[in-house]
Amino acid sequence: MDPDSKSDFKSCKLAGAKSLIKEESHLWFGTEPISPRDHQLISCDDTAFAAFGKSSYLSSVYHLKHGEGEMIQNTRWTCENDIACKKMVAQAGGGIRGFPHLIQPPPVNWLHMKVNVSLTVSAARSSELNVSWGILSTRPTRTRIFEGPSELCPIHPLDVMIMYDCTPSTENFIQQPLIASRKWDILLMKMCEDYDYPWVVLSMVDSGSYSEVEHEHRECYSI
């Protein structure tokens with residue numbers, strides 16, 4: 001790795017993280033081709049309407065197995081639960097690169113699951129949108145997790161996650177047409193700065209329109 005990239009990363013971790021994955025995405029993708037869609041997200045310097053920083057983060061996984069009744073479980077995506085949450089996403093069809101212990105997890109008969117991102121609306125957009133906070137969610141099958149390069153930090157590798165086609169899960173976002181009428185791709189990185197919510201949003205882009213028919217099924221995703 002270019003020593004200058006390491007220096008930039010240490011001096012300003014969040015901004016450095018965005019610069020690092022943009023300039024050296026092969027550290028996460030390896031020789032795997034990067035699609036135009038992923039490249040657009042990685043290259044984006046914007047978080048759309050969300051605030052940049054630790055106030056916008058990966059919050060939890062909602063999940064329910066066949067035979068568990070009707071009460072959906074909520075597992076917060078904390079440092080402590082990080083491996084368990086990754087395993088659940090992998091078991092439900094999420095894409096995994098690296099993480100040898102997660103490559104072939106035992107199959108689980110999930111009935112429902114969705115991955116949730118908590119977003120604080122930026123000060124520049126909150127008046128226009130008349131909303132300050134909400135949650136976007138997607139299916140595990142629309143989620144990919146990449147193991148971070150050990151040369152950056154062998155103890156806390158900077159894992160990366162891409163969530164495709166995220167849509168609103170909270171009423172405040174559902175009622176805002178500028179948010180609810182669109183789908184969103186989100187890039188996150190595990191920064192380990194916050195024990196409770198270590199995954200931070202780095203960028204977010206509009207990935208297309210969200211039809212009214214799809215809106216009827218937003219409360220919980222079926223596997």
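A few remarks follow.
- Alpha carbon centroid spacing (whole Å) that separates segment 47-85 from segment 99-174: 8
- Percent of alpha-carbon pairs separated by more than 23 Å within the chain: 46
- Inter-probe distance in nm under a simple model that places probes 7 Å from Cα toward Cβ, at residue 194 and residue 46: 2.4
- Top positive-direction residue, dipole computed over segment 129-209 with Cβ charges, set 178, 131, 163: 178
- Using a Förster distance of 25 Å, the FRET efficiency for residue 127-residue 37 (Cβ separation, nearest 0.05): 0.20
- Using a Förster distance of 25 Å, the FRET efficiency for residue 29-residue 81 (Cβ separation, nearest 0.05): 0.45
Values quoted throughout were computed directly from the atomic coordinates according to the rules given, and no laboratory measurement underlies them. Model, not experiment: these values are computed from the prediction. Positions of Cβ are generated from backbone atoms using ideal geometry, with glycine treated the same way; all protein chains shown enter the neighbour counts.
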